[in-house]
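A single structure is presented below for examination.
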Amino acid sequence: MLRVSHLPLVHSALQSMTSAYTDVKGRYPLLGLMGGVAGVRIHSVSQVAMTRATPLLQSLEPQSGLSQRRSSYLVLTLILPQVYTCFFIMSTSSRTIHDAHTVIKSCSTTDPKEKAKIYNIWAENYEEDHKLLSYRGAYLAVDFLSEHFCGRPEESLVLDVACGSGMVANLMTELGFRSFVGVDGSKGMLELAAKTGLYQDLKLALLGTEPLPAQTGVFDVVITAGAFYPGSVPVNVIRELCKAAKPGGLVCIARGNYRRPIHIEYTENLQKEQQLMEEEGLWGLKGTKQIDRYIRNPDVECGGDGEDIQEDQFISGTVYLYKKSISASTSTQ
Ligand SMILES: C[S@@+](CC[C@H](N)C(=O)[O-])C[C@H]1O[C@@H](n2cnc3c(N)ncnc32)[C@H](O)[C@@H]1O
């Protein structure tokens, strides 16, 4: 294999691909994100591809009369597709907690459009990474809702705001809910949600820059997990969630208490807005729940999986549950 990889054309084709990839990745962080750890392993990927192509190339080697054009053609058609295939396989498997941390840190951008692009790319590994991150936001929202919900789930219409891949709807079906409308700002995430087959309607909208695409006053439950953060869903969108709920309907919000100053300021503003809406008579608080382990803290490096993870390696979370006032006029919100 080594001999073959040192054949001038083969060697230079692999070299130029490696350096082109490294260069492009440096200039476009999103591409780097897509490749994740797999990207930096492109050289070993090339070696894997070489192993597969070796028998064929060895049989060609004695044919020294082979024209340069023909050899180039063989390199391009036989080896490079294998390199690309390996690259994509590696980028979608064997994820580690460090890969997940790298992506979640890149989500700290405060530009919503940039964040939607990150989610488009992350979609492929979103659920796997969130398992590694011990994400419990969707579960905690649904669990708290189930403690307070008194209606008939099979007859209830649910609006899942920032639905992502559909984790919330998946959990709610276990409680008997059947009708879901999902909204998300990422096309890639909506494609995953569509694959669940649980949503009767899915809408693409970047909230804060576009209005919530939902009918006013019709939803029995409006639920959102993991999206009310700086650079994601702005604070004032909370009013649109309340507006979409029917009078007497429930609005459930689950979020992590990230400790960066920008998050602390956002949380204070969110709580002020929630309080103001209570004072305006739009809704009443049914309860809140604090959770110690909402998700692993991306700012704390940690080892592998296991039960003995330290408490400071987690972000705590809060679930809020509101009941929309019967008297709340939808036109005045
Ligand atoms: C951490 S995920 C949570 C997804 C899902 N609710 C769950 O619990 O698994 C955050 C989701 O919010 C979406 N999102 C972020 N900002 C948004 C915005 N401004 N408008 C709509 N969706 C947004 C992302 O695309 C992503 O799917």
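Checking HIS130 against (1) within 20 Å of LEU241 (Cα to Cα); (2) assigned to a helix (DSSP H, G or I); (3) of a type outside the set (A, V, I, L, M, F, W, C); (4) within 11 Å of the ligand (Cβ to nearest atom), only one condition comes out false. Which one?
Unmet for HIS130, out of (1) within 20 Å of LEU241 (Cα to Cα); (2) assigned to a helix (DSSP H, G or I); (3) of a type outside the set (A, V, I, L, M, F, W, C); (4) within 11 Å of the ligand (Cβ to nearest atom): (1).
Residue check: is ILE309 among the aliphatic types (A, V, I, L, M) and modelled with pLDDT under 95? Spell out how you get there, then give the answer.
On the way: among the aliphatic types (A, V, I, L, M): yes; modelled with pLDDT under 95: yes.
Yes; evaluated as a whole, the condition is true for this residue.
With the checklist (1) modelled with pLDDT of 95 or more; (2) on the phi > 0 side of the Ramachandran plot; (3) of a type outside the set (A, V, I, L, M) in hand, flag the one item GLY231 doesn't pass.
Among (1) modelled with pLDDT of 95 or more; (2) on the phi > 0 side of the Ramachandran plot; (3) of a type outside the set (A, V, I, L, M), the lone unmet condition for GLY231 is (1).
Here's another thing I want to ask about it. Residue check: is MET167 modelled with pLDDT of 95 or more, aliphatic (A, V, I, L, M) and within 10 Å of the ligand (Cβ to nearest atom)?
Yes: the conditions hold for MET167.
The values are calculated or read from the model by the stated rules, or taken from the named source; none is laboratory data. Just so you know, these numbers come straight off a predicted model, no measurement behind them. As a convention, Cβ positions derive from the backbone with ideal geometry for all residues, glycine included, and neighbour counts pool all protein chains shown.
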